[in-house]
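Some notes on the structure that comes next.
The values are calculated or read from the model by the stated rules, or taken from the named source; none is laboratory data. This is a predicted model, so every value here is computed, not measured. Because the Cβ atoms are built from the backbone with ideal geometry, glycine has one as well, and the counts that use them run over all protein chains shown. Surface areas here come from the heavy atoms of the whole protein model, side chains and all, with no ligands, DNA or RNA. Shrake-Rupley method; radii C 1.70, N 1.55, O 1.52, S 1.80 Å.
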Amino acid sequence: MRPLTEAETRAVFEKLGRYIGENIQLLVDRPDGTYCFRLHRDRVYYLSEKLLKVAVSIPRDNLVALGTCFGKFTKTQKFRLSVTALDFLAPYAKGFGVAAKSTQECRKVDPMAIVVFHQADVGEYVRNEDTLA
């Protein structure tokens with residue numbers, strides 16, 4: 001488990017910024033302590049610094065997961081949010097999805113047209129339960 005590089009941090013914060021805006025700061029500096037993002041096997045985990053200090057004693061090969069998985073980096077180094085991050089984003093997000101059409105267009109659209117681009121869903125958690133660790 002290692003800290004994110006500058007490029008990785010930028011990718012993660014840009015993605016989070018689309019949904020929660022300036023509230024990213026509230027994820028890091030919380031009243032119950034300081035939290036951070038760490039990378040382990042292409043997955044980004046969100047955990048407290050207290051938990052991070054305890055985890056230093058565990059060898060990297062034996063570490064499966066630590067904290068909450070916020071998402072993963074694809075092979076093309078794009079960051080993709082995971083459904084497990086929704087509990088932390090929900091208090092700060094106005095909505096979770098990207099609109100493909102305006103409100104006016106949605107009223108007159110064909111029933112099979114794309115209205116919102118998929119970000120995450122509960123079914124994704126069930127389908128990928130083995131690999132979300």
FRET efficiency, 1/(1 + (r/R0)^6) with R0 35 Å, evaluated for ARG107 and CYS36 via beta carbons: 0.20
Cα-centred dipole magnitude for region 1-67, charges only on beta-carbon of K, R (+1) and D, E (-1), debye, nearest 20: 200
For region 1-89, the spread of Cα positions along each principal axis, largest first, Å: 36, 35, 24
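Given a cut-off of under 8 Å on Cα pairs at least six residues apart, what relative contact order in percent is computed for region 1-49? Could the numbers behind the result be given before it?
Numbers: 43 pairs, mean separation 17.8, N = 49.
Result for region 1-49 is 36 percent.
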Sequence of GLU14, GLU49, GLU22 from largest to smallest accessible area, 1.4 Å probe: GLU22, GLU14, GLU49
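Can you compute the FRET efficiency between LYS75 and ARG18 using 1/(1 + (r/R0)^6), with r the Cβ-Cβ distance and R0 = 22 Å? Round to the nearest 0.05.
Details: r = 22 Å, r/R0 = 0.98.
According to the calculation, E is roughly 0.50.
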Per-residue SASA entry for VAL116, accessible area with 1.4 Å probe, Å² rounded to 10: 90
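From the convex hull of the Cα coordinates of region 1-50, what is the mean projected area in square nanometres?
Here the figure is 3.6 nm², rounded to one decimal.
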